[in-house]
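Where a number appears in this text, it was derived from the coordinates with a stated rule and is not lab data. Since we're looking at a predicted model, the values are computed, not measured. Neighbour counts are summed over all protein chains in view; Cβ atoms, including those assigned to glycine, are modelled from backbone coordinates with ideal geometry.
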Amino acid sequence: MLRTEYALLEDLRKEAVDKKRDYNSACVLYEQRVNIRNQIRERRNDVENQICKWKIMHNDPDTAGVRFIGYAPVPLEISSPKWIFYLPAGTILGLIFGIGLALLCRKPKTS
């Protein structure tokens, strides 16, 4: 009678060990899925925060952007061209370019 009771208790112990193993693996799997869910939730929140920041920047009139404010004011004095410098420099550069072009294009004498 004790042996049958011992065998029955041994079977119950094995079932309890198997259930505990299944429970532990289920707990580990649950923790992994909770961590994955939390990571996905954090990434989603980061994306939503960035979208909100971009919307605020896009819709905010004080944010730097390209907007028409008005026409540019007329300058008080002409800054360019300075004819005193450009006229002589242009003449000299034109002569140098013309002489160089003439030397390149001339036909060599054939004897």
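Observations, loosely collected:
- Test for Phe85: is it assigned to a loop (DSSP other than H, G, I, E, B) and free of Cβ contacts under 8 Å to residues at least 60 places away in the same chain: no
- Test: residue in the stretch 34-45 that is exposed (fewer than 10 other Cβ atoms within 10 Å of the Cβ), out of contact with any strand residue (DSSP E or B) (no Cβ under 7 Å at 6 or more places or on another chain), not in a loop (DSSP other than H, G, I, E, B) and not polar (S, T, N, Q): no
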